[in-house]
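Taking it in order: structure first as structure tokens, then the write-up.
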Amino acid sequence: MTTLSQPVPEIDINTLLTQMKSMEGDREKLLQQVQLMQEKIGKLTEGKKQEMQKTLDSVIARWLEESVADEAVREEFKKGMSRLVDQTAEESGVWRVVCCASNLHAERLRELESLRAENTVLKSSGVIQQELSKKRTFDEINNGSSTSQNEDLNIWEEFANNMKGRVYEPPL
């Protein structure tokens, strides 16, 4: 039997210890960086969470109050939305749809209030009353026209009467 014997390389323990100390130092630096990044993320997440909570407490709460009659349904919905806020799940499809719906509702309320204010101003200035006094009824218009004698005619008979004596010559 032949055995292959290879020379065992000499291990420099001092070099290994130096490398291990260097690696340990690098590891500590990386752990510090990770900790700093986690703190920054925590601050960003906390800010986003506060922003989401403010939206939930103001716009979404008003939308729910005005849109959902059943108190139990509103409370259950609020609990679900609060869980999304706690998880800072801003990218959630549910959160996005609710934000869009509640913002649209608030915008429509502002538009409605603006139209009411404009209507009040127009009524107080008398512009609407003047416009209403200018309107005439359908009967008033027809009684004054020459078609009152032809009231019993349908539209095609009326058209035929209007076209009598006229000639149609198509262009060549």
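Among residues of the range 63-77 that are surrounded by 10 or more Cβ atoms within 10 Å (Cβ to Cβ), those with a Cβ under 8 angstrom from a residue that is not in a helix (DSSP H, G or I), sequence gap 6+ or separate chain, pair up as ARG74/VAL68; PHE77/VAL68. Only one of the listed residues (GLU91, GLU39, GLU107) is part of a loop (DSSP other than H, G, I, E, B), loosely packed, with under 11 Cβ neighbours inside 10 Å, of a type in the set (D, E, K, R) and free of Cβ contacts under 8 Å to residues at least 40 places away in the same chain. That residue is GLU91.
For (1) at pLDDT 85 or above; (2) touching a helix residue (DSSP H, G or I) at 6+ places or on another chain (Cβ under 6 Å), each residue gets a yes or a no:
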| site | (1), (2) |
| --- | --- |
| LYS78 | yes, no |
| MET81 | yes, yes |
| THR88 | no, yes |
| ARG96 | yes, no |
| SER102 | yes, yes |
| HIS105 | yes, yes |
| ASN143 | no, no |
| SER146 | no, no |
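Taken over the range 13-23, the criterion of being surrounded by 10 or more Cβ atoms within 10 Å (Cβ to Cβ) and of a type outside the set (Ser, Thr, Tyr) is satisfied by LEU16, LEU17, GLN19, MET20, LYS21, MET23.
Screening the candidates GLU39, GLU10 for the property of being over 44 Å from the mean Cα position of the chain (by Cα) and farther than 30 Å from GLU107 by Cα yields one hit, GLU10.
Can you tell me which residues in the range 45-73 are more than 20 Å from the chain's Cα centre (by Cα) and within 24 Å of ARG108 (Cα to Cα)? Result: ALA69, ASP70, GLU71, VAL73.
The values are calculated or read from the model by the stated rules, or taken from the named source; none is laboratory data. Predicted model only: the values in this text are computed from it and were never measured. FYI the Cβ positions are ideal-geometry reconstructions off the backbone, even for glycines, and counts take in every protein chain you see.
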